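Engineer: Dumping the structure here so I can ask a few things about it.
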Amino acid sequence: MRTPELGVSSEEHSLEGAKRWIVHRGVGFSLFVVVVWPTLCLSMGVFSEGFFFFWVFVSLVWGFVVAGVIICLPIWESSEALSSVATSIFCSRRNNKNDNGVNADDSSDCTTSSDEGITSASE
């Protein structure tokens, strides 16, 4: 949908706003981590063994939490598509042949509510 006065779609406008938000926060966080945080730690002088152990612990926890978020969020966001693909794969195998190699006719357990609106090309 294009707005006549701007000549730019509303989706492009919202993406530009999101880009500004991300760049603003990213630059701010980078400056904080690279400049402000080390400056605050200068007051500690040479790190004691306990203080160093604490920062190693914080960095490891940070790394594992971020890795979990990076792995889990895409899976969560695409869970419907993954479920649909898994259902299609396993149901097509089950519908083709059962364990004895005989064609299986009962496919009622493989239908889901999302399959109801889909019609096959043969119908």
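Derivation of every value follows stated rules applied to the coordinates shown; laboratory data play no part. What you are looking at is a predicted structure, and each value in this text was computed from that prediction instead of being measured. Glycine gets a Cβ as well: all are built from the backbone with ideal geometry, and neighbour counts include every protein chain shown.
Engineer: Does anything in the stretch 26-59 have its amide N under 20 Å from the 7 Å Cα→Cβ label point of Cys72, and if so which residues?
Structural biologist: Within reach of a label on Cys72: 58-59.
Engineer: Another question, then. Hey, what do the phi angles of the stretch 20-34 turn into as Karplus ³J(HN,Hα) couplings, whole Hz, using 6.51/-1.76/1.60 and θ = phi - 60°, x for Gly and Pro?
Structural biologist: Result, rounded to whole Hz: 4, 4, 5, 5, 4, 5, x, 5, x, 5, 4, 4, 4, 6, 8.
Engineer: Starting from 0.36 nm per residue, how many nanometres of slack lie between Leu31 and Phe64 once their C-alpha separation is accounted for?
Structural biologist: In short, 9.6 nm is gained.
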